Every structure is written in C-alpha cells, then in structure tokens.
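J.: Provided herewith is a single structure, encoded as structure tokens, for subsequent inquiry.
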Amino acid sequence: MSFLYPFVLVVAVLITGVAVAGYVTLQRRRTAALQTAGFGTLVGGGLRRHLPYGLLLAALPILLIGLARPQAQVAVPRVSGTVLLAFDISNSMSATDVAPSRLAAAQAAATAFVDDQPDTVDVGVLVFGDQALLTQVPTDDHTAAAAAIARVKASGGTSLGQAILVGLGAITGKPVSLPEDGATTDTGALGYWPSATMVVFSDGENTGGPDAEAAAELAAAAGVRIQTVGVGTAKGSTVEVDGFQLNTALDERTLTAVAQVTGGTYNPAGDAATLTDTTKSIDLRLTTKKEPLELTGPFAGAALLLLALGGLLGTRWHGRIV
C-alpha cells in the first residue's frame, strides 16, 4: 500500500496519541474526583463505560489515514499486447474460390478484426511471398494498420517459415533465423513475449524455405502464439501465372501444424462470411496490468461506522455522546 500524502500519517499518529493521552488523563481525573467526593463505588472500568469512547478514538486514526489518500496496486485483467497480422501474398491468394478473392476476403476480415480491438492492443502488418516484409510496425494507431492492410497485393511464391521468422524479429526487436545444420539456437536470447500473437492469413501452400514448423518452434520458445486462418477451399481453384494455369487448394495440414506447435489454433474459413466470423473467434491473450486503486472511500466508511456506533452507544448507555 502507498500513500499520496504520506506526511498525513505523521499527523495522524500525533493527533491520535494526543487524543488517547487526553482521554486517559480525563478518566484519571474523574476517578480521583469521585474518590475524593466519597463516590469510590462509582469508579469502574467496565465495558459500558469505555467502549463508546474507544470507538470514537479508533475512528480518529482511520479517518486521518483516509486523508493520506491510501492506494493499493491491483492486477486488472484486460486484453492487451501485440498482434501481428501476417498476409500470404503469393499468386495462389488471387484465387476466387473465396469471393471476391482469397486475398481480398482476408483483407476485409483482417480490417474488421482490427476495428474490434481495444486501443490497448498494438497491431502490426506483415506480408510474405518468397520473402517477408514488415509493412507496419505494431502500433496502437489502428487506422494506420488498416491502411497497411489495404495496400496488400498478391504476387510471387510462399514462404510461411520466413514470415514467422520476420514476424518474430518484429516482436522481439532482434533478427531471427534458423540455426545451420548441427547448430543450436539460443532461444533465451529472444526473451519471452507471452503477450504477443501472430495471426497468419494464408492458403497454406508453402513453396519455399525455411521450414515453417521449425520457425514455429522458435516462436513457441519465445512465448509467441501463432493463430492461423485458412483462406480457401479444399476443392481449390485455378490461377493464371505468367500465362500458365495453376491449380491451388487450401493446405490445412501445414497451417494446423504451425498453430499447434505454439499453442495456437487453426481457424478454417471456407467463404468470405465464414472468414469474417472466424476472426471474431480468434482468442487473444488476457493479460493483467497493475493499476492504483484509491482506498480513501473504504477508510472513510470504516471511520464513519465507528463514529456512528460510538455515538449511538454513548447516547444509549450514558444519555450523552461525550
């Protein structure tokens, strides 16, 4: 517990000490006066005699402590932290098995997701094809995040592993890469980031390295959870790339494996409406933040209760308050 005006505590001790000393002195003088007048049988220290005044004296320091503005640090639960939205921008995301296209549907769902987040959540945007690029650093300016989502365009292949590594680097503030053959990664150097979540929008068709599941293991070691959103259908569709017609279908296995490694979940979305609903069910972490809680009210309430009881008992037992 802390106090906004700690010097009042010194005043409370002094005033309470003076009040108690004054009461004791007054009672001694009263006792001596009764004995001198021959009324020694009336002298006593019973409960009925001292309790009302004890309650009044007890209320005094409590009331003064309340004036010192006591505060306690309490853990307040809230949704907060960092969410990094990662968009697959490979050519397969231009497929129209999800109208108007996989990428356009993902953009609409992600924008709705950003709009639903409180300002305690920082949102960043990352795009990945053959390589990954952070296009918006995590920020509480959700308008800027939505603008970055709107600029996403489809082209190239897919490297889900590279997206995870770049996203992990954006969260930790350190460059992240998979170890060479036979080497080990010092995962402790990345720190632990349990308030960070990556949400990956992809059809799951991984066409290039690094290994996505190995990258996910690094994220898990750093406490970063990955939620994956499957954009597309199992039946698939065709896209035209450099004059060639290519078949493309949703790869749920890869997206499920990546999510499960980090303790996240895979969220399937077969059409645009389902995709929007899916983002509403994405589970962000509930964190706590210590905030000061003003305790003046409870102290004042306790003091007033004691004053009321003391006054009531004094009037009932002695016909007067003092």
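J.: For region 243-301, how many residues meet the condition of being without any contact (Cβ under 8 Å) to a residue 12 or more places away in the chain, in the same structural domain as Ala108 (by TED's automatic domain parsing) and over 26 Å from Ser92 (Cα atoms)?
T.: Adding up the residues that qualify gives 0.
J.: Given the residues Thr207, Thr158, Thr120, which is the only one that is buried (at least 16 other Cβ atoms within 10 Å of the Cβ) and of a type in the set (Ser, Thr, Tyr)?
T.: Only one candidate qualifies: Thr158.
J.: Of all residues in region 136-173, how many are in contact (Cβ under 8 Å) with a residue 60 or more places away in the chain and in a helix (DSSP H, G or I)?
T.: Number of matching residues: 8.
J.: Next up: Is it the case that Gly297 is more than 30 Å from Gln73 (Cα to Cα), out of contact with any Phe, Trp or Tyr (no Cβ under 8 Å at 6 or more places or on another chain) and not aliphatic (A, V, I, L, M)?
T.: no
J.: Quick one: which residue in Leu103, Leu85, Leu55 is in contact with a helix residue (DSSP H, G or I) (Cβ under 7 Å, 6 or more places away or on another chain), at pLDDT below 85 and either part of a helix (DSSP H, G or I) or in the same structural domain as Thr139 (by TED's automatic domain parsing) (or both)?
T.: Answer to the selection: Leu55.
J.: Now, a different point. Before we move on, is Thr111 among the polar types (S, T, N, Q), under 23 Å from the mean Cα position of the chain (by Cα) and crowded, with 18+ Cβ neighbours inside 10 Å?
T.: yes
J.: While we're on this one: Would you mind finding the one in Pro138, Pro175, Pro118, Pro179 that is touching a helix residue (DSSP H, G or I) at 6+ places or on another chain (Cβ under 8 Å) and over 22 Å from Ser202 (Cα atoms)?
T.: Pro175
J.: A further question follows. Being surrounded by 15 or more Cβ atoms within 10 Å (Cβ to Cβ), modelled with pLDDT under 85 and part of a helix (DSSP H, G or I): is that true of Gln35 here?
T.: Judged against the criteria, Gln35 is not a match.
J.: Next question, about the same structure. Taking Asp119, is it in a loop (DSSP other than H, G, I, E, B), charged (D, E, K, R) and within 32 Å of the chain's Cα centre (by Cα)?
T.: Answer is yes for this residue.
J.: Of the conditions (1) polar (S, T, N, Q); (2) at pLDDT 85 or above; (3) assigned to a loop (DSSP other than H, G, I, E, B), Thr185 fails just one. Which one is it?
T.: Result: Thr185 passes all but (2).
J.: Something else: May I ask you to verify whether Ala234 is assigned by TED's automatic domain parsing to the domain that holds Ala112, assigned to a helix (DSSP H, G or I) and surrounded by fewer than 23 Cβ atoms within 10 Å (Cβ to Cβ)?
T.: So Ala234 does not fit the description; no.
J.: Follow-up. Within region 246-280, can you find the residues that are hydroxyl-bearing (Ser, Thr, Tyr) and in a helix (DSSP H, G or I)?
T.: Scanning region 246-280 gives Thr254, Thr256, Thr274, Thr276, Thr278, Thr279.
The values are calculated or read from the model by the stated rules, or taken from the named source; none is laboratory data. Because the structure is predicted, anything quoted here is derived from the model rather than measured. All Cβ positions, glycine included, derive from the backbone under ideal geometry; neighbour counts span all protein chains shown.
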